[in-house]
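What follows is a single structure, written as structure tokens, with notes after it.
The values are calculated or read from the model by the stated rules, or taken from the named source; none is laboratory data. This one's a predicted model, so the numbers in the text were calculated from it and none came from an experiment. Cβ coordinates were reconstructed from backbone atoms using ideal geometry, including for glycine residues, and neighbour counts include every protein chain displayed. The protein model used for the area step is the full one, side chains on, heavy atoms only, and it has no ligands, DNA or RNA in it. Shrake-Rupley method; radii C 1.70, N 1.55, O 1.52, S 1.80 Å.
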Number of protein chains: 2
Amino acid sequence: MPIPRRLVLATRNPGKVREILRICADWGVEWVTHEDAPWPDVPETGTTYLENAAAKAMAVAAALGLPAIADDSGIEVDALGGGPGVHSARFAGEDASDERNLRMLVERIATVDPGRRTGRYRCLAACAWPEGMGVWAEATCEGTLILEPRGSGGFGYDPIFIPTGEMRTMAELAAEEKDAISHRGRAFRGLRDALRR
Amino acid sequence: MPIPRRLVLATRNPGKVREILRICADWGVEWVTHEDAPWPDVPETGTTYLENAAAKAMAVAAALGLPAIADDSGIEVDALGGGPGVHSARFAGEDASDERNLRMLVERIATVDPGRRTGRYRCLAACAWPEGMGVWAEATCEGTLILEPRGSGGFGYDPIFIPTGEMRTMAELAAEEKDAISHRGRAFRGLRDALRR
């Protein structure tokens with residue numbers, strides 16, 4: 001499938017909207033947002049990133065009759081058996097703020113040996129068409145976690161996540177530095193490559 | 001993504017293998033089957049067709065380092081609230097035969113008014129690459145159900161499913177007639193179109 005000319009950005013998370021528009025700035029797409037064309041709520045009840053991202057993209061594409069992209073992402077901490085994973089956005093409860101989720105994760109890893117505070121961010125980006133077709137791409141960003149938040153960029157768990165090869169947290173990186181190595185940057189570039197081939 | 005030259009057919013269901021090879025005969029693909037390169041079992045634990053099909057295609061692609069396709073399909077009976085749906089292959093229990101599943105469905109719809117024995121077959125076909133990308137396509141075939149099985153073609157619930165516009169059951173159609181209208185034929189042609197564009 002080619003990159004659509006008009007594409008619904010099927011997320012209302014302001015951090016995601018900002019990053020996706022930035023990462024996909026060179027796609028040459030006319031974006032349709034929730035302000036342009038409100039869609040019904042799609043609950044995130046899936047057990048996998050693909051199910052959540054694809055279900056949202058499919059539901060919004062069907063509702064608006066236009067191709068739609070969505071992502072689902074999470075942080076996977078090795079000492080927590082890969083958690084919170086798909087539950088990252090609701091780790092401290094439904095509608096929990098980024099800050100509360102982050103504090104919850106810091107509490108959980110406080111007693112973990114610093115050398116074992118490893119993990120990764122994972123992002124699955126999906127594009128769905130109203131005709132029933134779709135394309136997905138998944139990517140990760142490996143790193144380590146710290147207990148003292150640093151930096152004001154990004155969102156989510158960025159202030160306690162140091163990507164492998166970096167000294168700074170994801171929240172201390174400039175936007176273009178984050179996009180170059182982040183799970184979301186890689187996933188959406190993978191999606192673009194899959195669509196363009 | 002283009003149609004891969006070598007492609008793993010990630011299913012061991014003989015009925016599916018036969019149909020997919022037939023439907024995709026013009027793809028110009030060198031097929032790799034379970035006999036050529038055995039892969040580890042992938043449990044079908046998802047709650048959606050996409051999750052099951054994509055999980056299987058992704059797991060097999062990762063295990064063999066080659067692109068892989070899989071499908072998940074089911075029959076959705078309106079009088080059963082859309083069931084058995086994703087549970088169609090296990091309707092009468094884990095590892096139940098086609099015949100036992102079919103008998104179970106006949107029992108469940110026996111008391112339903114004949115005019116309300118409507119439903120559809122649904123198929124979701126997915127192709128996944130080891131690099132984390134994938135493409136899917138979904139399609140349906142509307143029809144009505146009967147209580148007396150007829151015909152020996154196809155598999156699954158074919159002997160009690162009459163596609164809309166037909167007088168014969170799916171199991172009474174010639175193979176090329178079935179493929180032209182079936183959920184699986186439509187889904188794999190949708191997948192081919194998505195890959196070729």
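Numbers for the structure displayed
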item	result
Inter-centroid distance (Cα atoms) of the range A:154-197 relative to the range B:126-152, Å	36
Within the protein assembly as shown: Cβ-based charge dipole about Cα centre, in debye rounded to nearest 20 (Lys, Arg +1; Asp, Glu -1)	540
B:ARG168 long-range amide H proximity, modeled H, under 5 Å	none
Farthest toward positive dipole pole in the range B:6-196 [+1 Lys/Arg, -1 Asp/Glu at C-beta], among B:VAL77, B:PHE155, B:ALA55	B:VAL77
For the range B:75-89, Karplus couplings with θ = phi - 60° (6.51, -1.76, 1.60), whole Hz, Gly/Pro x	10, 10, 9, 4, 5, 9, x, x, x, x, x, 5, 9, 4, 6
Chains B and A together, accessible area buried on both sides, 1.4 angstrom probe, square angstrom	1900
Per DSSP, loop trypsin sites (Lys or Arg not before Pro) in the range A:1-106 with at most 14 further Cβ within 10 Å	A:ARG5, A:ARG12
Ascending list, in nanometres, of distances separating the B:GLY151 label from those of the other copies (7 Å, Cα toward Cβ)	6.0
Global geometry of chain A, whether rounded, prolate or oblate, following the gyration tensor of its Cα atoms and the 1.5 cut on a/c	prolate
Gyration tensor verdict on the range B:22-104 (Cα atoms; rounded if a/c is under 1.5, prolate if a/b is larger than b/c, oblate otherwise)	prolate
Long-range HN-HN contacts of B:THR48 with modeled amide H, under 5 Å	none
Most fluctuating residue given options A:SER152, A:SER73, A:SER88, as computed from a GNM of chain A linking Cα atoms under 10 Å	A:SER152
Helix-only CD estimate at 222 nm, as mean residue ellipticity for the protein assembly as shown, using -39500 (n - 2.57) per DSSP H run (n ≥ 4)	-9500 deg cm²/dmol
Estimated FRET transfer efficiency when R0 is 25 angstrom, pair B:GLU94-B:THR164 (beta carbons, to 0.05)	0.20
The range B:98-172: relative contact order in percent, alpha carbon pairs under 8 Å with at least 6 residues between	26
Debye, to nearest 20: dipole size of the range A:27-123, +1 on Lys, Arg Cβ, -1 on Asp, Glu Cβ	480
Cα centroid of the range B:52-120 to Cα centroid of the range B:3-38, whole Å	20
Given charges at beta-carbon only (K, R positive; D, E negative), |dipole| of the range B:6-196 in Debye	200
Per-residue mean of C-beta atoms belonging to partner chains within 10 Å, peptide A:125-135	5
Whole-Hz couplings from phi, Karplus 6.51/-1.76/1.60, listed for the range B:130-141; x for Gly and Pro	x, 6, x, 9, x, 9, 10, 8, 10, 8, 10, 9
Heavy-atom accessible area ranking, 1.4 Å probe, most first, across B:GLU131, A:GLU44, B:GLU30	B:GLU131, B:GLU30, A:GLU44
Residue among A:GLY119, A:GLY85, A:GLY15 with the largest mean-square fluctuation in a Gaussian network model of chain A, springs linking Cα atoms under 10 Å	A:GLY15
Relative contact order of chain B, pairs being alpha-carbon contacts under 8 Å that are 6 or more residues apart, as %	21
Inter-chain shielding of B:47-56 (mean C-beta neighbours from other protein chains, 10 Å cut-off)	4
Residue with peak Gaussian network fluctuation, chain A [Cα springs, cutoff 10 Å], from A:ASP158, A:ASP179, A:ASP95	A:ASP95
Distance between modelled label sites at B:THR118 and B:GLU176, nm, 7 Å Cα→Cβ extension	3.2
R0 of 56 Å, Cβ-Cβ distance A:MET104-A:ARG196: FRET efficiency to nearest 0.05	0.90
